[in-house]
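Below is one structure, written out as structure tokens, with a few remarks after it.
The values are calculated or read from the model by the stated rules, or taken from the named source; none is laboratory data. All values reported here derive from a predicted model rather than from experimental measurement. Cβ atoms come from the backbone with ideal geometry, glycine included; neighbour counts cover every protein chain shown.
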Amino acid sequence: MDGLTAASKEVQEMAIDVMLEGEVNGKWKLPANARFVAAGGLDDPLYDGFAHVNIETDTDHWLKWATTNDIHPAIVSYVTYKSCSGEDVLNTPYTGEKPNANPRKWEFASKVLTKTNQPDMLKSLIGEDLTTDFKAFVQQPLITVDDVVMGNYSSDDLEMTDSKKFATAASLATVDEENFATVRDFMKKVGPEPEATFEAIWAHGDEKRLEKLADAKINDTLQQDVGGKHR
């Protein structure tokens, strides 16, 4: 029962009766193993009727969810970068005056960004300061998939700030399956954490891609074993 506390008093009373009596209107009995879960604010009449569970979102778990639920790659990469830098941007304090960030707002921001491709549109969701920082993150000049596939880069292109490494991970995650291995090899040179971000965004929970990624990692291990024997 979502939003129970926002319902009218009559609906709330009916819900409580159903919960306590285990039947609807005295006619339809619920199974003995029926359980009730409600979400909403803690109004006094309902407070004593439920056990209370406080849900806190862990950044690592949210990122795993985000990569399989169509959250915009730039947002996934940005939150990952900030987390690796010791900064939590998934949840920011609410002062009562300016918008703050939380998992639900980032999900909404993803939809806005996907539809408009305009980072400035996120100000009303996550606040101006965070939007400005995110905008700087996504608007960095980055190497393209075509450049990587064609080998049009030098060792200087691998000298990146941490911010640029993660932005590159999101940008290159658009590569198709045919050229995935080539781009993945490039990301290995960028660094392990950006590489992992690239892989997670590229696979996005797709079974076929996860299988391809697993095969690539097995091949990595085999190559390391062979290399170790020859040393």
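So the values come out like this:
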quantity	calculated
Test result for GLU10, in contact with an Asp or Glu (Cβ under 9 Å, 6 or more places away or on another chain), farther than 30 Å from ALA167 by Cβ and of a type in the set (D, E, K, R)	no
Test: LEU63 is among the aliphatic types (A, V, I, L, M), part of a loop (DSSP other than H, G, I, E, B) and buried (at least 17 other Cβ atoms within 10 Å of the Cβ)	no
Qualifying residue in the range 141-157 (condition: surrounded by 15 or more Cβ atoms within 10 Å (Cβ to Cβ), in contact (Cβ under 8 Å) with a residue 60 or more places away in the chain, outside the structural domain of GLU87 (by TED's automatic domain parsing) and not charged (D, E, K, R))	no
Criterion (farther than 14 Å from SER77 by Cβ and touching a helix residue (DSSP H, G or I) at 6+ places or on another chain (Cβ under 9 Å)) met by exactly one of THR132, THR168, THR197, THR221	THR132
Given (1) surrounded by 20 or more Cβ atoms within 10 Å (Cβ to Cβ); (2) polar (S, T, N, Q); (3) more than 14 Å from SER77 (Cα to Cα), number of the condition SER124 does not satisfy	(1)
Selection status of VAL183, out of contact with any Ser or Thr (no Cβ under 8 Å at 6 or more places or on another chain) and of a type in the set (Val, Ile, Thr)	yes
Residue in the range 80-121 that is surrounded by the most Cβ atoms within 10 Å (Cβ to Cβ), counting only those that are aromatic (Phe, Trp, Tyr) and free of Cβ contacts under 8 Å to residues at least 24 places away in the same chain	PHE108
Members of the range 50-65 found to be more than 29 Å from ARG35 (Cβ to Cβ) and in contact (Cβ under 8 Å) with a residue 40 or more places away in the chain, listed by number	LEU63
Restricting the range 9-52 to residues that are assigned to a loop (DSSP other than H, G, I, E, B) and of a type in the set (D, E, K, R), the residue that is modelled with the highest pLDDT	ARG35
